[in-house]
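What follows is a single structure, written as structure tokens, with notes after it.
The values are calculated or read from the model by the stated rules, or taken from the named source; none is laboratory data. On a predicted model such as this, the values are computed, not experimentally measured, just so you know. Cβ placement follows ideal geometry from the backbone for every residue including glycine, while neighbour counts extend to all protein chains displayed. SASA here: full protein model, heavy atoms, side chains in, ligands and nucleic acids out. Shrake-Rupley method; radii C 1.70, N 1.55, O 1.52, S 1.80 Å.
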Amino acid sequence: MTFGERGRGRDRLLAACGIAGPVVFTAAWLASSLVQTGHSAGAVQLSGLAAMDARDPQLMMAGFIGLGACSVAFGAALRRLPAAGSAGPWLVTTAGVATIAAGVFRRDHLLLTGPGFAGESWHNQVHDVVSAVAYGAMIAAPLVLSRSFGRDPDWAGLRRPLQVLALVSAASLALFASGAVQPWNAVVQRAAVTVPLTAEVLIAARMLAAGRRARVAAALRPAG
């Protein structure tokens, strides 16, 4: 049984969250990057855009919370898709919860270094932990889902693209963590986050397309 055959309006809404979340998050960091006076659009890390001393931090906070909530909803949609297995949806949900927490427990400062930076607050430390969880789950989810999809002929076409996107994201995140590309580190971080979100969009689009095909087939099926 496919996603489209099981689902109706609620399932389509949950699947669409896999597209809405990345769009909201990307729009948030684009807008927030542009309003940080005295800094170029790619100079501040994503967490810094929501920091206590950032300008209009609510923009990036909304991005984190919006993405997280949509990821939790999308994880629920994946749990209703037999081809997705169980581990992949769990990772998507975990990433969503951790992303919400990253938006609530904010970093102290826009930048990582500067005058008067004496220690970190407790919420800054929580932010660092939940951000690491979100990164790990976001990268692992496409890899796990690619394996599950590979066992289903209807979904096997997503296996290779998801693997490539996950590996590119992992490589970008490793480059970001190394700090080897300063002063472009924040730009690399944006790429490291955008790539797994692209994987989420691909899966969501495939789910919605499968649902449309199932509805058309049901409409054309003779009564009885």
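Descriptive notes on the structure:
- Cross-chain or 6+ apart pairs with Cβ under 9 Å, segment 150-179 first and in contact (Cβ under 8 Å) with a residue 40 or more places away in the chain, then open to solvent by 40 Å² or more (accessible area, probe 1.4 Å) and of a type in the set (A, V, I, L, M): L158/L202; P161/L202; L162/L143; L162/L202
- If the condition is being within 20 Å of M207 (Cβ to Cβ) and either open to solvent by less than 50 Å² (accessible area, probe 1.4 Å) or basic (K, R) (or both), then segment 162-175 contributes L162, Q163, L165, A166.
- Within segment 74-95, the residues that satisfy the criterion of being over 19 Å from T194 (Cβ atoms), open to solvent by 20 Å² or more (accessible area, probe 1.4 Å) and part of a helix (DSSP H, G or I) are A76, R79, P82, A87, W90, T93, T94.
- Considering segment 172-207, the residues that are touching a Phe, Trp or Tyr at 6+ places or on another chain (Cβ under 8 Å) and small (G, A, S) include one that is farthest from H39 (Cα to Cα), namely A204.
- Which listed residue is under 27 Å from A16 (Cα atoms) and in a helix (DSSP H, G or I), from A170, A177: A170
- The set of residues in segment 13-61 that are without any contact (Cβ under 8 Å) to a residue 12 or more places away in the chain and of a type outside the set (A, V, I, L, M) comprises G38, S40, Q58.
- Condition check for G48: under 13 Å from S131 (Cα atoms) and more than 17 Å from the chain's Cα centre (by Cα): yes
- Filtered residues of segment 1-59 (kept if over 20 Å from R106 (Cα atoms), open to solvent by 20 Å² or more (accessible area, probe 1.4 Å) and either assigned to a helix (DSSP H, G or I) or at pLDDT 90 or above (or both)): E5, R6, G9, R10, R12, L13, L14, A16, C17, I19, A20, V23
- When residues of segment 180-206 are limited to those that are of a type in the set (G, A, S), at pLDDT below 95 and not in a loop (DSSP other than H, G, I, E, B), the one surrounded by the fewest Cβ atoms within 10 Å (Cβ to Cβ): A191
- Residue match in segment 143-159 (condition: over 20 Å from G18 (Cα atoms) and surrounded by fewer than 16 Cβ atoms within 10 Å (Cβ to Cβ)): yes
- Given (1) surrounded by fewer than 21 Cβ atoms within 10 Å (Cβ to Cβ); (2) modelled with pLDDT of 95 or more; (3) closer than 15 Å to A84 by Cβ, index of the condition A210 fails: (2)
- Y135, sole failed condition from (1) at pLDDT 95 or above; (2) crowded, with 21+ Cβ neighbours inside 10 Å: (1)
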